[in-house]
Amino acid sequence: MRLTIGIATAIGIALAVPAAPAVAQAAGAITVGMPVTDASGGAVGTVAEIKGDNLVIKTDKHEVMLARKSFSVDQGKLLFGMTQAQLNAEIEKSMAAANAAIVVGATVKGTAGASIGKIDTVDADTVTLSLDSGKKLRMPKEGVRGNADGTVTVGYTAEQLDALVAGSASGGTSGQ
């Protein structure tokens, strides 16, 4: 599962990383497949993807997107201020908090951050959204993301979700 760690955790991670010389932070110095190690040289993971100012790091258990500035380059490796076990524990803590936010009554926000409805029902695999427009939409649980503030985010605007419901009413399967 890929996860972006919350702001508070990311700040803690950034502060835990040893300072890096400006030369080592050159954009071309980090490559996909580059090993990530902790300060004692222990394996943390590898760089799976580079996405602008962020890196997707694959540990033995998870993939997580972290700020590029959380690392320093040293002799062909990236140094990171946490061990693999510490990073995995923080990822799992963030995942648990995100999953705890996916509950009946939680406010659902769209891509622009505006409220677009509430969660109506939750089961093992799906959530049903009650949109502000009065329409309902059932979607896979993986399609929503819980946030630290107790809200839930979907990757659509209210207009896009209304269009999905309208499309499903004329032959699709997502609406109710």
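Quick notes
- Only one of the numbered conditions (1) of a type in the set (D, E, K, R); (2) within 30 Å of MET34 (Cα to Cα); (3) assigned to a loop (DSSP other than H, G, I, E, B) is not met by ASP149, and that is (2).
- Filter pass, GLY45 being crowded, with 18+ Cβ neighbours inside 10 Å and in the same structural domain as GLY146 (by TED's automatic domain parsing): no
- Number of residues in region 45-82 that are farther than 14 Å from PRO35 by Cβ and in a loop (DSSP other than H, G, I, E, B): the value is 6.
- Some residue of region 75-82 being of a type in the set (S, T, N, Q), surrounded by fewer than 17 Cβ atoms within 10 Å (Cβ to Cβ) and not assigned by TED's automatic domain parsing to the domain that holds THR153: yes
- Residues of region 83-125 that are in a loop (DSSP other than H, G, I, E, B), of a type in the set (Ser, Thr, Tyr) and over 21 Å from ALA43 (Cα atoms): THR111 alone.
- Of everything listed in (1) closer than 11 Å to VAL154 by Cβ; (2) out of contact with any strand residue (DSSP E or B) (no Cβ under 8 Å at 6 or more places or on another chain), the single unmet condition for MET139 is (2).
- Lone unmet requirement of (1) on the phi < 0 side of the Ramachandran plot; (2) not assigned by TED's automatic domain parsing to the domain that holds ALA39 for GLY150: (1)
- ASP125 in contact with a helix residue (DSSP H, G or I) (Cβ under 7 Å, 6 or more places away or on another chain), of a type outside the set (S, T, N, Q), farther than 28 Å from ASP60 by Cα and free of Cβ contacts under 8 Å to residues at least 40 places away in the same chain: no
- The residues in region 131-176 that are among the β-branched types (Val, Ile, Thr), at pLDDT 85 or above and surrounded by fewer than 19 Cβ atoms within 10 Å (Cβ to Cβ) can be counted, and the count is 3.
- Of everything in region 93-117 that is buried (at least 17 other Cβ atoms within 10 Å of the Cβ) and not β-branched (Val, Ile, Thr), the residue that is farthest from LYS61 (Cα to Cα) is GLY117.
- You will find that of VAL104, VAL127, VAL122, VAL108, the residue that is modelled with pLDDT of 95 or more and under 18 Å from the mean Cα position of the chain (by Cα) is VAL108 and no other.
The values are calculated or read from the model by the stated rules, or taken from the named source; none is laboratory data. Keep in mind it's a predicted model, so treat the numbers as computed, not measured. Quick reminder, even Gly has a Cβ in these numbers, built from the backbone with ideal geometry, and neighbours come from all protein chains shown.
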